[in-house]
Amino acid sequence: MRRRTFLIAAVGALGTSVLAACTPQPRPTRSPSPTPSPTATTQPPASAVPQPASMLRSRWSVDPFALGAASFAAVGATSASRDDLAAAVDDRVFFAGEATSRDAPGTVSGAIDSGSRAADEVISASDGSERIGVIGAGVAGLTAARALLDAGYDVVVVEARDRVGGRIDARTGGSWPLTVDLGPTMIADGDEALHSAVVAAGGDVVSFGRADEVRTAAGTAVAVSGVGAAAVADAVEWSSQQPHDVPLSFAIGQSEAGALSTTPDEAGVSDADWLSHQLDSVVQPRTSATDERLSAWNGGATTPGDGVGGAIPLAGFGTLADELADGVDVLLRSVVTRVVTRNDKVSLRLRTGESLTVDRVIVTLPLGVLKSGSVVFEPELPLPKARAVSILGMGDSDRVWLRFDEPFWSTDATVWSTIAAGSPVGLWVNLLPDTGYPVLVGTVAAAEAARLAAIDDDATVLAELLASLEPFLDEAKRADAEGTGTATPTPTPSDAQSG
Ligand SMILES: Cc1cc2nc3c(=O)[nH]c(=O)nc-3n(C[C@H](O)[C@H](O)[C@H](O)COP(=O)(O)OP(=O)(O)OC[C@H]3O[C@@H](n4cnc5c(N)ncnc54)[C@H](O)[C@@H]3O)c2cc1C
């Protein structure tokens, strides 16, 4: 049984009870998967795809200062949840960060805007002679700090890592011909403000020529179909008629999307496969969430091609973070463990036992960190905010960068995905046409991101990645490998590194 068929059957069996819908549903395993289970690590599968010259990958879900990649609208969460998260406590403890952005959560722009908003709130609540603390030197914190500094405040940023940027993690040097950003890699189409900010920070930007190609496990390119996107739109429409929010997966099971044909066409692809493709290659990479957790009301709506496009900053987003941090007093390697408000002052307690006292603070901790409770607030956060922390979701997503000495593919398509192939990678971006470098950037999202992030061994992960690229292997190279039997177990790349 194909993965989606199984899911639809499982969801259908739940009946119409909304209560039942809120019970976590097991994510079925992908039946035609070429990928091994995380424990089956002894023999990586043979791959005809050549070994990359370099590999870098992020592991955001196990990063203690992120604990996930981006916030998402989980079942029950609304824009009001983000407003509750953003609301200041007694004009003394202010909040910013991508998760507080109503308009652009999970983006660099949303984080920047939230930092500006929080700085404005501090300015309205105080006079310019105060000392302001900012927790976190991601773009939200740095934007807030910069604005307050420009307004004449005494500002100190307290950052847990040994670098600024947070989820912007730009790596340069080594054998890489361009900057590898293990977080954001794209400026969305039409985001002129971010485009200008990156250029002003000295970064080169090339426009990204989007051209999609979808292939089956056998390597057959199939015409991109709108069936999956239409099915998700049907499910979202069905949910809008319901009295309660439900998981997108449940809405799919109850709407017409649940009755999609599972009969494969001559390429071996069914309508139900297109629905799976829409979820795995569009919805999950865009939201970082599985359809079992995503709100049908507020998280499900997507358009084909959502989330990939626009422009690529060749120097990554690191130049932007560095520019924002220029001249700002940032205390690196300083992990905040307690935020104590008393007598019109805020004390920031550090893991080292030290503390510093400020008049007000802007908290830009990622939602995953807030959820973990690793930073304690005294007094406790007000109920609406605690509820927002709990009800909003923190999703998982990772980037994998592979650099090859020469391309093993012959397609000029820039966005690759597979259908009915069980790939852990939602989509691959081929940077060759736009940058001239044979570099592929994969996005692994939601449950697959969490699964791969839990694997320490890069060689094991690389074996899965190369298997997922086999459908894109150039025909002649595939024939060579099959004819001469040169497919080899995947070796460890000499300079493999984790983020
Ligand atoms: C894989 C991935 C791909 C993405 N792709 C894109 C994209 O293509 N385009 C786009 O626009 N956006 C993208 N994003 C989203 C974007 O990167 C984020 O929305 C944005 O960078 C978040 O900024 P922030 O300042 O809110 O949070 P962060 O950057 O996470 O900053 C929070 C800071 O708080 C620090 N911190 C945590 N705990 C503590 C503590 N206890 N004490 C002190 N400091 C602490 C952290 O180290 C961090 O520096 C992507 C994100 C990921 C992970």
Label point distance in nm, Leu356-Val199, each placed 7 Å from Cα along Cα→Cβ: 3.6
Which far-off residues, 5 or more places away or on another chain, put their amide H under 5 Å from the one on Val206, with H placed in the peptide plane? Ile312, Leu314
About the Cα centre of the stretch 91-170, what is the dipole size in debye to 20, counting +1 per Lys and Arg Cβ and -1 per Asp and Glu Cβ, all else neutral? 220
Show me the ranking of peptides 97-103, 344-350 by mean Cβ neighbours inside 10 Å, starting with the highest. 97-103, 344-350
Can you tell me what the convex hull of the Cα atoms of the stretch 148-302 projects to on average, as an area in nm²? 15.0
So, with points 7 Å from each Cα along the Cβ direction, the Ala80-Glu380 label distance in nm works out to 2.2
Long-range HN-HN contacts of Ala211 with modeled amide H, under 5 Å: Thr414, Val415
Among the lysines, which fall within straight-line cross-link reach of Lys385, defined as a Cα-Cα distance under 22 Å, with same-chain neighbours fewer than 8 residues apart omitted? Lys345, Lys371
When you have a sec, figure out the Kirkwood radius of the stretch 256-375 from all distinct Cα pair distances and drop it here in Å to one decimal? 19.5
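Convex hull volume of the Cα atoms in the chain, per residue, in Å³?
144
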Explain nothing, just the number: dipole magnitude of the chain about its Cα centre with +1 on each Lys and Arg Cβ and -1 on each Asp and Glu Cβ, in debye rounded to the nearest 20. 1340
The stretch 141-187 pair-distance distribution - Cα-Cα, 5 Å bins, rounded %: 5, 18, 19, 17, 16, 13, 8, 3, 1
So the FRET efficiency between Asp344 and Ser116, C-beta based with R0 = 25 Å and rounded to 0.05, is 0.50
Nearest-0.05 FRET efficiency for Ala267 and Tyr437 at R0 = 41 Å, using Cβ-Cβ distance, is 0.85
Extended-chain gain in nm, criterion 0.36 nm per residue less alpha-carbon gap, Asp412 and Ala447: 9.6 nm
Treating the stretch 214-297 as a set of equal point scatterers at the Cα positions, no solvent, please give the Debye-formula log₁₀ I(q)/I(0) at q = 0.18 Å⁻¹. -0.74
Quick check: Cα centre of the stretch 424-474 to Cα centre of the stretch 75-105, how many Å? 33
Expected 222 nm ellipticity per residue - DSSP helices of 4 or more, -39500 (n - 2.57), all of the chain, to 500: -8500 deg cm²/dmol
FRET efficiency, 1/(1 + (r/R0)^6) with R0 25 Å, evaluated for Asp103 and Ala125 via beta carbons: 0.65
Can you give me the distance in nm between label points at Ser390 and Ala476, each placed 7 Å from the Cα along the Cα-to-Cβ direction? 6.2
Whole-number accessible area per residue in Å² for the chain, which is evaluated in the context of all protein chains at 1.4 Å: 40
quick note, the chain, DSSP beta bridge pairs, % antiparallel (nearest 5) is 65
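The values are calculated or read from the model by the stated rules, or taken from the named source; none is laboratory data. In this text the structure is predicted, and so the values were computed from the model without any measurement. Neighbour counts run over all protein chains shown; Cβ positions are idealised from the backbone, glycine included. Calculation scope for accessible area: heavy atoms of the full protein, side chains included, ligands and nucleic acids excluded. Shrake-Rupley method; radii C 1.70, N 1.55, O 1.52, S 1.80 Å.
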